[in-house]
Amino acid sequence: MVKVWYFGMNRRYNDLNTYLRALYDCRVQKISIDAGLSCPNRDGSVSTGGCIYCNARGSGTGALARGLSVTQQLLQGQKALFQRYKAKKFLAYFQSFSNTYGPVEKLKLLYDEALAVADVVGLSIGTRPDCVSQSVLELLQDYAQSYLIWIEYGLQSANDTTLELINRGHNFKCFKDAVRTTVNRGIKICAHVILGLPHETRADMLRTAQSIAELEIDGIKLHLLYVVKGSRLETLHRQGKYRCLEQQEYVDLVCDFLERIPRHMIIQRLTGDPHPEELAAPQWSLKKGETLAKIRETLEKRDSWQGMLVDNRGGKL
């Protein structure tokens, strides 16, 4: 069995910062971009109202509504991230809503604007698996010849019953199809998964880990399901129909998940960043540093690491 040192000194999972530093020999940071795009799960193409955990802001910064262009958002982000982390290179992270949802001509203008900013070395594009056309993939494939291109597909769960319950608007097959059509284009693929979705058991969540492990995916983001004000989930929570995970409960699930994710996958995130003014519950989700420390401590205590329970092809050992 491969030992912990596979990941380097004192590392038990493949973190994004180390991966990017190895590529560019400096600190590289993502800058979140609000491009003013929409979502088929809100505009009626698939559904209206969005997923039950999403509010009208779509997990975005609201920067475009404040009059900031893509370029202005990037320049502000560069200044702040240099001051905080001494970052020298940046990825433009198109985050709000579905960032491949629109005419390819419009998308190209947005992506070109981002890549024209000095020291932006690539794009990270958050979207849905039902929002990527052949023409968009061809555009991203062209960019990937010169830039680092990540496409981040929101899956959330491999359980179709859960996806229907949260009004996701697509099934697991749709996600697998999107991955299959994206591979072999030079585009890096990241999957988003939410832990703590309504009615999901530990077994359900670990089946999602196993399902992802079997696909050609380069990275993963894990999120805690927290309750956002103005979402349908807030109503369920207020009515006592949804219980948030406790902090240690979430930490244990993350460690369980990591053990089942192949060693080559880049762990882009282990918990989310709720906007404090939008958060209804749980309040511990604002303690990101503490949660990450507990994850590291739990892995140490278990003497476990990413991929411990799978081989390099994603199968069980």
Point to revise | All positions within region 269-301 that are among the hydrophobic types (A, V, I, L, M, F, W, C), out of contact with any Asp or Glu (no Cβ under 6 Å at 6 or more places or on another chain) and more than 24 Å from N14 (Cβ to Cβ) | key: L279, A281, W284, L286
Check your understanding: Can you tell me which residue in region 193-240 is farthest from the chain's Cα centre (by Cα), limited to those that are under 16 Å from C255 (Cα atoms), polar (S, T, N, Q) and open to solvent by 10 Å² or more (accessible area, probe 1.4 Å)?
Key -> T201
Check your understanding: Among all residue pairs at least 6 apart or on different chains, which show Cβ distances below 8 Å where the first residue, located in region 204-230, is free of Cβ contacts under 8 Å to residues at least 40 places away in the same chain and the second is open to solvent by 20 Å² or more (accessible area, probe 1.4 Å) and not in a helix (DSSP H, G or I)?
Key -> E216/V183
Check your understanding: Restricted to region 278-289, and to residues that are touching a residue at least 12 places away in the same chain (Cβ under 8 Å) and of a type outside the set (K, R), which residue is most open to solvent (accessible area, probe 1.4 Å)?
Key -> L286
Practice item. Kindly check whether there is at least one residue in region 175-192 that is among the basic types (K, R), assigned to a loop (DSSP other than H, G, I, E, B), open to solvent by 10 Å² or more (accessible area, probe 1.4 Å) and farther than 28 Å from C244 by Cα. Key: yes
**Study point:** Residue check, R243 open to solvent by 20 Å² or more (accessible area, probe 1.4 Å), closer than 19 Å to R168 by Cβ and out of contact with any Lys or Arg (no Cβ under 9 Å at 6 or more places or on another chain)
**Key:** no
Review point. Can you tell me which residue in region 90-125 is farthest from G50 (Cα to Cα), limited to those that are charged (D, E, K, R) and in contact (Cβ under 8 Å) with a residue 24 or more places away in the chain?
Key: D119
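Could you tell me whether region 113-124 includes any residue that is farther than 28 Å from D43 by Cα and buried (at least 22 other Cβ atoms within 10 Å of the Cβ)?
Taking region 113-124 as the starting set, the residues that turn out to be farther than 28 Å from D43 by Cα are 115-122.
From what is left, the residues that are buried (at least 22 other Cβ atoms within 10 Å of the Cβ) are 122.
There is at least one residue in region 113-124 that is farther than 28 Å from D43 by Cα and buried (at least 22 other Cβ atoms within 10 Å of the Cβ).
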Exercise for review: For region 249-277, enumerate the residues that are closer than 16 Å to L225 by Cβ and open to solvent by 30 Å² or more (accessible area, probe 1.4 Å).
Suggested key: E249, D252, R269, D273, H275
Review point. Could you say whether any residue in region 228-236 is at pLDDT 95 or above and touching a Leu at 6+ places or on another chain (Cβ under 6 Å)?
Key: no
Review point. Of the residues that sit in region 14-53 and are of a type in the set (V, I, T), crowded, with 17+ Cβ neighbours inside 10 Å and not in a loop (DSSP other than H, G, I, E, B), which one is farthest from the chain's Cα centre (by Cα)?
Key: V28
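The values are calculated or read from the model by the stated rules, or taken from the named source; none is laboratory data. Everything quoted here is computed from the prediction, not taken from an experiment. Heads up, the Cβs are rebuilt from the backbone with ideal geometry, glycines too, and the neighbour counts pull from every protein chain shown. Note: areas computed on protein heavy atoms with side chains; ligands, DNA, RNA excluded. Shrake-Rupley method; radii C 1.70, N 1.55, O 1.52, S 1.80 Å.
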